[in-house]
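A short write-up of the structure that comes next.
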Amino acid sequence: MTDADIAVLVEHAAWTEILPEAEALSRRAAQAALDAIEADGERPLEISLVLADDSTVRRLNRDWRGKDAATNVLSFATQDDDNEPEVAEAPLLLGDVVLAFETCAAEAAAEGKSLADHLSHLVVHGVLHLLGWDHQDEDEAAEMEALETDVLRGIGVADPYQPDDTVAEGGRCGP
């Protein structure tokens with residue numbers, strides 16, 4: 001098991017009002033993503049998961065990505081910042097994953113998925129972004145989605161890309 005400190009900050013109370021196990025599900029999904037790629041270097045890892053609302057995610061999306069709209073999940077990888085100092089004895093800070101409640105809840109409802117499963121999927125997706133995975137082209141998308149599907153299967157969540165729980169063949173990741 002990857003040695004990781006996974007902090008969960010609930011900034012929007014609806015997460016735990018609607019889904020009391022939101023914090024535990026988020027930690028479990030993040031840990032499963034780390035374990036799946038064996039992200040266990042010589043130092044422990046740190047990740048922050050923020051369960052926020054649409055207005056917070058919209059502001060972050062506008063300020064950091066130039067997109068003035070809410071989205072389901074944003075990942076801010078510390079390793080992408082060449083100016084971020086590294087301290088050999090300290091944990092490796094991977095970054096932050098921020099999720100928007102209203103968007104996530106609406107997507108889950110529209111897709112006929114439980115909010116718990118959708119949250120788990122988006123946390124796995126966000127953590128993989130922190131670790132350098134991406135979906136800029138079809139090949140990358142297919143590889144990342146297959147990994148997401150495998151990680152989710154390991155924690156009892158159905159394939160989010162296929163209604164019959166089969167591994168996706170080049171579907172699209174969320175926005």
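The values are calculated or read from the model by the stated rules, or taken from the named source; none is laboratory data. Since we're looking at a predicted model, the values are computed, not measured. FYI the Cβ positions are ideal-geometry reconstructions off the backbone, even for glycines, and counts take in every protein chain you see.
Some values worked out for this structure:
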| read-out | value |
| --- | --- |
| Sole exception among (1) modelled with pLDDT under 90; (2) in contact with a Gly (Cβ under 8 Å, 6 or more places away or on another chain) for ASP81, by number | (2) |
| Some residue of region 39-51 being free of Cβ contacts under 8 Å to residues at least 40 places away in the same chain and over 15 Å from THR103 (Cα atoms) | yes |
| Out of ALA70, ALA29, sole residue that is touching a Ser or Thr at 6+ places or on another chain (Cβ under 6 Å) and either in a helix (DSSP H, G or I) or surrounded by fewer than 17 Cβ atoms within 10 Å (Cβ to Cβ) (or both) | ALA29 |
| Residue check, GLU102 assigned to a helix (DSSP H, G or I) and modelled with pLDDT under 95 | no |
| Tally, over region 99-145, of residues that are in contact with an Asp or Glu (Cβ under 6 Å, 6 or more places away or on another chain), farther than 19 Å from THR16 by Cβ and aliphatic (A, V, I, L, M) | 1 |
| Single residue of ASP139, ASP96, ASP134, ASP150 found to be in contact with a strand residue (DSSP E or B) (Cβ under 7 Å, 6 or more places away or on another chain) and at pLDDT 80 or above | ASP96 |
